[in-house]
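Here the structure is laid out as structure tokens; the discussion comes afterwards.
The values are calculated or read from the model by the stated rules, or taken from the named source; none is laboratory data. All of these numbers come straight from a predicted model, not from anything done at the bench. With ideal geometry, Cβ positions are generated from the backbone for all residues, glycine too; neighbour counts draw on all protein chains shown.
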Amino acid sequence: MENKIENIELSYLTLDDYEALKQATLQSYGGMPNSYWKLEEIGRLITLFPEGQVVIKVDGQIAGCALSIIVDFDKIEHQHTYDDITADPDFKIHDAKGDVMYGIDVFIKPDYRGLRLGRRLYDYRKELCEKLNLKGIVFGGRIPNYHKYAGELTPKQYIDKVRHKEIEDPVLNFQMSNDFHPVRILKNYLEGDTASGEFAVLMEWDNIYYTKPTKKPSSVKNVVRLGLIQWQMRPYDGLEDLMHQAEYFIDSVAGYRSDFAVFPEFFNAPLMADFNHLSEAEAIRELAKYTEEITNRMAQLSISYNINIITGSMPEVVNDTLYNVGYLCRRDGSTERYEKIHVTPDEAKVWGMQNGHELKTFDTDCGKIGILICYDSEFPELSRLLADEGMDILFVPFLTDTQNGFSRVKLCAQARAIENECYVAIAGSVGNLPKVHNMDIQYAQSAVFTPCDFSFPNNGVKAEATANAEMILVADVDIDLLRELHNFGAVKNLKDRRKDFYILERVKK
């Protein structure tokens, strides 16, 4: 357009717009007879679903239009025609309780093309779909350049070549650039559409925020508050004294309405001071005798303070074999166990600790989580397996004595957040234990890491504790932002993996 545009407005279609709509439709479809909607049809659409009928006006003149209805996807999922959707002037196929929005028309007048007004109409539909909690948007998309290749390509081959930019199709290209994907070929979809060979492509856009309606109350949260306990190693006068300190921190993070309280690896190590007369290997097996009692008490505290507790890690003896384990104590009273898969050379050499064998995600009222103990975070295969199971938050309780050891955990945790498009929370211990062998000093800076994309901090750091200071760190993470990242991120680390080139799978025993 050569004239300066002063106003662009998106508004609901009304019957007062009908004559202007009719003329705009005729101009958009080249004056084809019967290409415009009848007055009674527009009136019925406005009555049934007013939010679904919108026009875009430029300086008061209709420049484009989008018409939609709501349908039950199961009824139109397979082969159907445009007439099946629109031939009935009463639109009985419209179902206010349906689960998808069906686009029955969208156009931009020739004079206004090139202004990306069509994108505005598509964006409106997406926002409406999210607002109404529908599964997605579908429609039959024309493939107007197919007639040029019908003698040599099937519709499927044609679509593949359009996807790979080997063939230009203005309609299909536009739809795919707006995040719609082909579902299936529709035969004899639009009678008279010789350019498309009367084929169409069922295009679909998925609403990543869709929540299946349920009659049961749901407590799954989208914004999750993490409470990380940067625990100071100090002498304690027995188990009661240690649990008193643990409850103090749980009370503190629960007071901020945190959903998780996260303890570090071997936070109960100060209790080994009573066993210094024994060898290191014997002392840690004595410490393991406290694990069941501590877990039981943590489980009670999780209920009392209405908070999910990740107990960091503790030694545990199973069939005379020593493991490094922890427990997820949910606020509903249930508990689950996790193991350290890779013990460090020092753990194996000094304590005789053995590698664990169980890796899994955990369902919580805040979504799926994963837990890796310290050294495990330095092996990307483990977190990738958890990500494949739908993990949103990875917790890493750790214990490092020097800054270089801490840097390994920190940098690997940040890498895990980026490559798995998830949040990673690390919680460690500070201070020193001069009276406990093999537990001399600790260095930590607990933190919450994020992916690096537009909706997250530029440096991928949501929050950090003060290094080497006893404190709590409370931070909120938004799970919905991960859903957006998975689908619309600048890069898509999970989706773009070359599974045709490499695979990761568990060893079956």
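This table checks each residue for (1) farther than 23 Å from Leu128 by Cβ; (2) without any contact (Cβ under 8 Å) to a residue 12 or more places away in the chain; (3) of a type in the set (Asp, Glu); (4) touching a Pro at 6+ places or on another chain (Cβ under 7 Å).
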site	(1), (2), (3), (4)
Gln27	yes, no, no, yes
Gly30	yes, yes, no, no
Glu41	no, no, yes, yes
Val54	no, no, no, no
Gln61	yes, no, no, no
Val71	no, no, no, no
His80	no, no, no, no
Val100	no, no, no, no
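Within segment 422-437, can one find any residue that is out of contact with any strand residue (DSSP E or B) (no Cβ under 6 Å at 6 or more places or on another chain), at pLDDT 95 or above and under 19 Å from Ile310 (Cα atoms)?
Scanning segment 422-437 turns up at least one residue that is out of contact with any strand residue (DSSP E or B) (no Cβ under 6 Å at 6 or more places or on another chain), at pLDDT 95 or above and under 19 Å from Ile310 (Cα atoms).
Against the definition (in the same structural domain as Asp179 (by TED's automatic domain parsing), basic (Lys, Arg) and in contact (Cβ under 8 Å) with a residue 40 or more places away in the chain), how does Lys126 come out, yes or no?
So Lys126 fits the description; yes.
Among strands (runs of 3 or more DSSP E) lying entirely in segment 1-83, which contain 3 or more residues that are closer than 27 Å to Pro182 by Cβ and under 35 Å from the mean Cα position of the chain (by Cα)?
Output list reads 61-71.
How about segment 107-206: which strands (runs of 3 or more DSSP E) wholly inside it have at least 3 residues that are small (Gly, Ala, Ser) and either surrounded by 14 or more Cβ atoms within 10 Å (Cβ to Cβ) or modelled with pLDDT of 95 or more (or both)?
Strands (runs of 3 or more DSSP E) meeting the threshold: 136-142.
If a residue has to be closer than 22 Å to Val100 by Cβ and either outside the structural domain of Lys187 (by TED's automatic domain parsing) or buried (at least 16 other Cβ atoms within 10 Å of the Cβ) (or both) to count, how many in segment 43-72 make the cut?
Total meeting the criteria: 15.
Every residue in segment 480-491 that is buried (at least 17 other Cβ atoms within 10 Å of the Cβ) and outside any helix (DSSP H, G or I), please.
Gly489, the sole residue that qualifies.
Given the structure, is Val477 in the same structural domain as Met314 (by TED's automatic domain parsing) and part of a loop (DSSP other than H, G, I, E, B)?
no
Consider segment 247-268. How many of its residues are outside any helix (DSSP H, G or I) and not aliphatic (A, V, I, L, M)?
Total meeting the criteria: 11.
Return only the number of the condition from (1) free of Cβ contacts under 8 Å to residues at least 24 places away in the same chain; (2) farther than 22 Å from Asp392 by Cβ that Leu239 does not satisfy.
Of (1) free of Cβ contacts under 8 Å to residues at least 24 places away in the same chain; (2) farther than 22 Å from Asp392 by Cβ, only one is false for Leu239: (1).
Count, please, the residues in segment 326-337 that happen to be crowded, with 21+ Cβ neighbours inside 10 Å and either under 23 Å from Ala281 (Cα atoms) or touching a Leu at 6+ places or on another chain (Cβ under 9 Å) (or both).
3
Just to be sure, is Ser279 of a type in the set (S, T, N, Q) and closer than 23 Å to Ile393 by Cβ?
No; evaluated as a whole, the condition is false for this residue.
For Pro144, only one of the following conditions fails: (1) closer than 30 Å to Ile5 by Cα; (2) touching a Ser or Thr at 6+ places or on another chain (Cβ under 8 Å). What is its number?
Condition (1) is where Pro144 drops out.
Select from segment 338-367 the residues that are surrounded by fewer than 18 Cβ atoms within 10 Å (Cβ to Cβ) and of a type in the set (Lys, Arg) and write down the one among them that is nearest to His437 (Cα to Cα).
Checking each candidate, the answer is Lys349.
In the list Arg416, Arg497, which residue meets the criterion of being closer than 21 Å to Ile369 by Cα and of a type in the set (D, E, K, R)?
The match here is Arg416.
Looking at (1) surrounded by fewer than 19 Cβ atoms within 10 Å (Cβ to Cβ); (2) touching a strand residue (DSSP E or B) at 6+ places or on another chain (Cβ under 9 Å); (3) among the hydrophobic types (A, V, I, L, M, F, W, C), which is the only condition Ala87 fails?
(2)
Just name the residue that is nearest to Phe266 (Cα to Cα) out of those in segment 435-470 that are surrounded by fewer than 16 Cβ atoms within 10 Å (Cβ to Cβ) and of a type in the set (A, V, I, L, M, F, W, C).
Within segment 435-470, the match that is nearest to Phe266 (Cα to Cα) is Ile441.
Could you check segment 350-468 for strands (runs of 3 or more DSSP E) lying wholly inside it with 2 or more residues that are free of Cβ contacts under 8 Å to residues at least 24 places away in the same chain?
Fully inside segment 350-468 and qualifying: 461-464.
Would you be able to tell me the number of residues in segment 357-399 that are under 17 Å from Ile418 (Cα atoms) and of a type in the set (Ser, Thr, Tyr)?
Going through segment 357-399 one residue at a time, the tally reaches 2.
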